[in-house]
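Input: a single structure, listed below in structure tokens.
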Amino acid sequence: MTHDHDLVLRPTAAQTEAALDPPPGRTGGDLVVETLAGLGATTVFGLPGQHALGVFDALRRSTLRYIGLRVENNAGFAADAYGRVTGEAAPLLLSTGPGALTSLAALQEAAAASAPVLAICSQVPTAGLGGGRRGYLHELPDQAASFRGVVKSVHTVRSQSQIPSAIEAAWKSALTVPHGPVWVEIPQDVLAAPTSIPVLTGGDAFPDELPPRPELTAVAAHLLSNAARPAIIAGGGVVRSDASGKLRRLAEVLSAPVVTTPGGKGAFPWTHPLSLQSWTEDRHTTDFLEDADVLLVVGSGLGELSSNYHTFRPRGRIVQIEADLGKLEANHPALGIHADARLALQALLETVEERGDESAPDRVRQVLARIAERIASQELTLEQEVLASVRTALPADSPSFWDMTILAYWAWSAFDAKGPNHMHSAQGAGGLGYAFPAALGAAVADPTRPVLAVSGDGGALYSIAELATARQHGLDVTWLIVDDGGYGILREYMTDAYGEATATDLTRPDFTALSESFGVPAVRTTPENLEADLRKALSTPGPSVVVLPAVLRMFAPTHLA
């Protein structure tokens, strides 16, 4: 008698022969690329380095497409965007020490935004592991320690036989909700040494599911079905789990208004009668949400931006659905449901009772009208016109990537993403330089649509070298650079807080001439011509740059009163 767990797949005669006589010239690096290909990877990002040459040499013997960027941090941003767009783990190949450490800021953004990045880094030779100071080039006492507080999991390889299992475990970790970056490190000598291990042709690293506990969703369904004024906050977890359709159906069944966080842009239709859009940084929205007797929070930890800088003080019951256990009830007590947003919303749809409330759309219109009146009183016509021009010029199905710049801060609240997974920014960790390299990663993931990147002049200088990458690979990315002469948002913050700004004005290059020196066409535009110039650039295949000299202002905050 046999049991399921006793069954073993036996190799065919051809497989046995191939295993006993693997092709010559393979190394530990081949085991890396073969494992990635067996798991389904098609594209890798990164930069070569002396310790990692074994992997890069193996790339030429593989079917993997390699996209090389000019700075490791930018390669991390590109992998981050590739993971967000495709939902697949994006391999990022790095070298030991300085190369590895340069990627830290990008991995922090991937962690904050739950982007599945599989970082594979070389290490000093095996003899240097364990903290001894052997004096190897790039040596750190404990390289993995630099990443352990940033990534989801760390996997250190010490022999070639460990490579497939370590990469498979990391792949599974990256794609198990909540998604996130993971770290694999392999010593230089392990990567470079010849291997007799058979060619790897497959992999099995299916991520674990995270269903909700049925007793908790039963209570949540009861609360929502019997609520007088339910409301919903939808965060990035809804987008990442592809649950926007289920969110819409649940909102309509409950007649519950929905506001999306900056990370949840596009999770709910912008013009839907129940849409409060994304005005989380507005006291009118905050007041409305505080008045809800039952508030459903899906895929958000109610962090700083999503809670109007922690001024949100709910008076009703909160039901929070969150895949990241660390975010569950971190800011407010709630009926916490540790689950993937898609599975939890499906469970609620199966158990809630329809509640009619014809007043909900009217209450939504009143809130949006008060927000519009507040913004209109601040004489911010230029800012609104610039954002409107970007929206009009950008095709509805094209993704956009935004740096930490004033126009992006406007976009968090006022930009219609036109769909889930269409708008991304660096608001998770808040570092500069994200937009352009991330847009390059998105263009690699889906070359059928033009991609928009939006940066200020300060953030643009973080990633200006990637114009060479865009040209080399012919990537269809249009880069809008809003040139205000420095770190505009910091200038505004410092002026408001201290009366004047320090260290925020910058000497800049001629961005159009610099772009053209890379072979990338560029145009200097005006607010009046922005829509036409941007539309032309987006409709022309290949990379392009549009420079807008303009000093934009932020709308007044409502959390300081």
The condition from (1) of a type in the set (Gly, Ala, Ser); (2) open to solvent by less than 20 Å² (accessible area, probe 1.4 Å); (3) farther than 30 Å from TYR462 by Cβ that SER114 misses is numbered (3)
Within segment 465-523, of all residues that are charged (D, E, K, R) and not in a helix (DSSP H, G or I), the one farthest from SER455 (Cα to Cα) is GLU500
Output for Cβ contacts, cut-off 6 Å, separation at least six or different chains, first residue over 10 Å from PHE268 (Cα atoms) and of a type in the set (Ser, Thr, Tyr) in segment 222-246, second open to solvent by less than 10 Å² (accessible area, probe 1.4 Å) and in a helix (DSSP H, G or I), reads SER241/ALA341
When (1) open to solvent by less than 10 Å² (accessible area, probe 1.4 Å); (2) closer than 19 Å to ALA537 by Cα are applied to GLY474, the one that fails is (1)
Filter segment 295-350 for residues that are over 22 Å from ASP242 (Cβ atoms) and part of a helix (DSSP H, G or I); the one that is least open to solvent (accessible area, probe 1.4 Å) is SER307
Looking across segment 492-544 at residues that are of a type in the set (D, E, K, R) and more than 30 Å from VAL444 (Cβ to Cβ), the single one that is least open to solvent (accessible area, probe 1.4 Å) is GLU492
ALA251: passes all of (1) of a type in the set (Gly, Ala, Ser); (2) without any contact (Cβ under 8 Å) to a residue 40 or more places away in the chain; (3) open to solvent by 40 Å² or more (accessible area, probe 1.4 Å) but (3)
Residue pairs qualifying under the 7 Å Cβ cut-off, at least six apart or on distinct chains, with the first in segment 32-55 being without any contact (Cβ under 8 Å) to a residue 60 or more places away in the chain and the second being of a type in the set (Phe, Trp, Tyr), are VAL44/TYR66; PRO48/PHE56
Out of (1) in a loop (DSSP other than H, G, I, E, B); (2) open to solvent by 10 Å² or more (accessible area, probe 1.4 Å), the one GLY263 does not meet is (1)
The helices (runs of 4 or more DSSP H) lying entirely within segment 142-213 that contain at least 2 residues which are open to solvent by less than 20 Å² (accessible area, probe 1.4 Å) are 163-175, 188-192
Practice problem: Might you check whether a residue that is assigned to a strand (DSSP E or B), open to solvent by less than 10 Å² (accessible area, probe 1.4 Å), closer than 30 Å to GLY263 by Cβ and not aromatic (Phe, Trp, Tyr) occurs anywhere in segment 73-87? | Solution: no
Looking across segment 268-290 at residues that are of a type in the set (Val, Ile, Thr) and not in a helix (DSSP H, G or I), the single one that is farthest from ARG229 (Cα to Cα) is THR271
Within segment 190-220, residues being in contact with a strand residue (DSSP E or B) (Cβ under 9 Å, 6 or more places away or on another chain) and either of a type in the set (Phe, Trp, Tyr) or under 30 Å from PHE56 (Cα atoms) (or both) number 6
Has segment 390-400 got any residue that is open to solvent by less than 60 Å² (accessible area, probe 1.4 Å) and in a strand (DSSP E or B)?
yes
Among VAL33, VAL71, the single one that is closer than 26 Å to LEU129 by Cβ, of a type in the set (Val, Ile, Thr) and in contact with a helix residue (DSSP H, G or I) (Cβ under 7 Å, 6 or more places away or on another chain) is VAL33
Residues of segment 23-38 being assigned to a helix (DSSP H, G or I) and either open to solvent by less than 30 Å² (accessible area, probe 1.4 Å) or acidic (Asp, Glu) (or both), in sequence order, are GLY28, GLY29, ASP30, LEU31, VAL32, VAL33, GLU34, THR35, LEU36, GLY38
Regarding segment 457-467, can at least one residue be identified that is aromatic (Phe, Trp, Tyr) and either surrounded by fewer than 22 Cβ atoms within 10 Å (Cβ to Cβ) or within 19 Å of SER539 (Cβ to Cβ) (or both)? no
Test: GLU373 is open to solvent by 50 Å² or more (accessible area, probe 1.4 Å), under 23 Å from VAL259 (Cα atoms), part of a loop (DSSP other than H, G, I, E, B) and charged (D, E, K, R): no
Being farther than 30 Å from GLU373 by Cβ and small (Gly, Ala, Ser) narrows ALA251, ALA256, ALA243 down to just ALA243
If we keep only residues of segment 88-104 that are farther than 25 Å from GLY266 by Cβ and among the aliphatic types (A, V, I, L, M), then the residue most open to solvent (accessible area, probe 1.4 Å) is LEU101
Checking SER255, SER241 in turn, the sole residue that is more than 22 Å from ASN226 (Cβ to Cβ) and among the hydroxyl-bearing types (Ser, Thr, Tyr) turns out to be SER241
| query | Is it the case that segment 414-437 has a residue that's over 19 Å from ALA79 (Cβ atoms), out of contact with any Lys or Arg (no Cβ under 6 Å at 6 or more places or on another chain) and of a type in the set (Phe, Trp, Tyr)? | reply | yes
* Would you say THR271 is modelled with pLDDT of 95 or more, surrounded by fewer than 22 Cβ atoms within 10 Å (Cβ to Cβ) and not acidic (Asp, Glu)? -> yes
By residue number, the members of segment 396-429 that are out of contact with any helix residue (DSSP H, G or I) (no Cβ under 7 Å at 6 or more places or on another chain) and farther than 19 Å from TYR82 by Cα are ALA396, ALA408, SER413, LYS418
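The values are calculated or read from the model by the stated rules, or taken from the named source; none is laboratory data. Owing to the predicted nature of the structure, the values given are computational and were not obtained by experimental measurement. Cβ atoms come from the backbone with ideal geometry, glycine included; neighbour counts cover every protein chain shown. We work out accessible area using only protein heavy atoms, side chains counted, and drop any ligands, DNA or RNA first. Shrake-Rupley method; radii C 1.70, N 1.55, O 1.52, S 1.80 Å.
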